[in-house]
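These notes concern the structure reproduced below.
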Amino acid sequence: MAKLQKIHGQPSWTLSTAEVEAAVTKQGGHVGPVRFRIADRWVEPFDLAPWAEEKVKIEIPPILKVMRGDFFCMPFGGNGTAYGAEEHPPHGETANSVWKYESSTASRIELTMETTIRKGQVEKSIEIIPGQTAIYSRNTISGMKGPMCFGHHAILKLPAPNAGRLSMSKFIYGQVFPGAFEEVVKGGYSFLKAGAKFSSLRRVPQVDGKFADLSVYPSREGYEDLVLTGSDAKLPFAWTAMTVAGEGYVWFALKDPRVLRSTVVWMSNGGRHYAPWSSRHRHAIGLEEVTANFHYGLAESAKPNPLTRAGIPTCVRMEPDKPVTVNYIMAVSAIPRGFDIVKNIQASANGKAVVLTSESGKTATAPINLSFLDGVAG
């Protein structure tokens, strides 16, 4: 049985290969911290809550105590409104409760959780593969009945203002969160125009009548904002990428857009002045692959809404005898000098890697088992 170690305040299991070192928390199953080896050095792209090792004086949900790297949310969202008799915590039991250890090797761990708010089981597998700078996450949900929203919640931390360039595969819908994402009276500040629609990350309406370029981050210091893009379900796979040219790498995530229908982008740059955030969570960005109605929660995702009317499902209807599997890949690749922002990610000719092409015409190749997204590990 793998031994638990306390890492940044949380009992965690560890995985390692020559290329990747990753921790998985017992509480919430958060994957982080993670180090990827590119060329002759290590890079650490993920965020870690600034209060991870502090004794927080206010009552906060477990997800906030643990918050790091990536975690699987079900139901995805704040869940401030009950769904029938179901009252879920923010981002659900899977991101808050304790996972049960089942088995592991040096590079793979299997965990399970019996959910209680809505009875069911989740089987989690986290794997890293020798020779690759990638993490393969699989969550299989069974025994549940009724609508459910879910998603992955990867959070990156950028080293300096304007250090990252964000891009993603074709999307068919783009909108700023339609409600008040932050409220001044509570000590929160946002800068994008609530509910505004857009077709390009490079031209998103602001409250002052101007436009923000969301492809450049960190920017808009002192603000918290959130947008959603609806993925093109016709693509063989969808991707989200963050180029960090100054550090010589690109982080990217791959998904099946028929399973994870949208991408939520949460830009956290010091706009929350209330505890435990206290305006110190900066240069962080959530790149969250979901099937959900923004980050509202299950009640708002289960009923008809503007996204479903636009043809973008926000829930999956669960059947007890029909397990639902959510596969997700996160990876890092070294990039050549002059590689600016990812324009496209496609399968290599032999199908054993992906080729990332930048707008400047530079390319990078990363070994990836794309068949994993189809539910069949390659």
*Can you tell me which residues in the stretch 179-197 are within 22 Å of the chain's Cα centre (by Cα), farther than 16 Å from residue 208 by Cα and surrounded by fewer than 16 Cβ atoms within 10 Å (Cβ to Cβ)?*
179
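Please work out if residue 252 is assigned to a loop (DSSP other than H, G, I, E, B), surrounded by 23 or more Cβ atoms within 10 Å (Cβ to Cβ) and not charged (D, E, K, R).
Details: assigned to a loop (DSSP other than H, G, I, E, B): no; surrounded by 23 or more Cβ atoms within 10 Å (Cβ to Cβ): yes; not charged (D, E, K, R): yes.
Criteria not met by residue 252.
Being surrounded by fewer than 22 Cβ atoms within 10 Å (Cβ to Cβ), over 17 Å from the mean Cα position of the chain (by Cα) and among the hydrophobic types (A, V, I, L, M, F, W, C) is true for just one of 216, 204. Which residue is that?
216
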*Looking only at the stretch 55-79, which residues are touching a Pro at 6+ places or on another chain (Cβ under 8 Å), surrounded by fewer than 22 Cβ atoms within 10 Å (Cβ to Cβ) and assigned to a loop (DSSP other than H, G, I, E, B)?*
56, 58, 60, 61, 78
*asked:* Conditions first: (1) surrounded by 23 or more Cβ atoms within 10 Å (Cβ to Cβ); (2) farther than 21 Å from residue 281 by Cβ. Residue 3 passes all but one, so which condition is the exception?
replied: (1)
*Extreme residue, surrounded by the most Cβ atoms within 10 Å (Cβ to Cβ), among residues of the stretch 272-296 that are hydroxyl-bearing (Ser, Thr, Tyr) and part of a loop (DSSP other than H, G, I, E, B)*: 296
_For the stretch 325-356, which positions are surrounded by fewer than 17 Cβ atoms within 10 Å (Cβ to Cβ) and more than 25 Å from residue 245 (Cβ to Cβ)?_
325, 349, 350, 351, 352
*Would you point out the residue of the stretch 259-270, among those that are closer than 29 Å to residue 170 by Cα and small (Gly, Ala, Ser), that is surrounded by the fewest Cβ atoms within 10 Å (Cβ to Cβ)?*
268
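With 105, 81 as the choices, which residue is free of Cβ contacts under 8 Å to residues at least 24 places away in the same chain and more than 15 Å from residue 153 (Cα to Cα)? Step through it out loud before you land on a result.
Numbers: 81 fails: free of Cβ contacts under 8 Å to residues at least 24 places away in the same chain.
After ruling out the rest, the residue left standing is 105.
Conditions (1) crowded, with 16+ Cβ neighbours inside 10 Å; (2) among the aliphatic types (A, V, I, L, M); (3) more than 28 Å from residue 48 (Cβ to Cβ), marked per residue:
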residue: 106; (1), (2), (3): no, yes, no
residue: 120; (1), (2), (3): yes, no, yes
residue: 128; (1), (2), (3): yes, yes, no
residue: 135; (1), (2), (3): yes, yes, no
residue: 152; (1), (2), (3): yes, no, no
residue: 155; (1), (2), (3): yes, yes, no
residue: 163; (1), (2), (3): yes, yes, no
_I'm trying to understand the selection: among the residues of the stretch 80-96, which are surrounded by fewer than 22 Cβ atoms within 10 Å (Cβ to Cβ) and either in contact with a Cys (Cβ under 7 Å, 6 or more places away or on another chain) or among the β-branched types (Val, Ile, Thr) (or both)?_
81
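Residues that are at pLDDT 95 or above and farther than 30 Å from residue 215 by Cβ: list the strands (runs of 3 or more DSSP E) wholly contained in the stretch 119-171 that include at least 1 such residues. Give the derivation first.
Details: elements: 120-128, 134-142, 146-148, 150-152, 154-157, 164-168.
Answer list for the stretch 119-171: 120-128, 134-142, 146-148.
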_Hits in the stretch 1-23 (condition: touching a strand residue (DSSP E or B) at 6+ places or on another chain (Cβ under 9 Å) and closer than 19 Å to residue 61 by Cβ)_ = 8, 10, 11, 12
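Which ones in the stretch 35-53 are outside any strand (DSSP E or B) and within 18 Å of residue 270 (Cβ to Cβ)?
If we filter the stretch 35-53 for residues that are outside any strand (DSSP E or B), which is where we start, we get 39-40, 44-45, 47, 49-53.
Result: 47, 49, 50, 51, 52.
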*asked:* Considering only the stretch 307-317, I want to know if a residue exists there that is over 23 Å from the mean Cα position of the chain (by Cα), free of Cβ contacts under 8 Å to residues at least 60 places away in the same chain and part of a helix (DSSP H, G or I).
replied: yes
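The values are calculated or read from the model by the stated rules, or taken from the named source; none is laboratory data. Since the model is a prediction, treat every value here as computed from it, not as a measurement. So basically every Cβ, Gly included, is an ideal-geometry build from the backbone, and we count neighbours across all protein chains shown.
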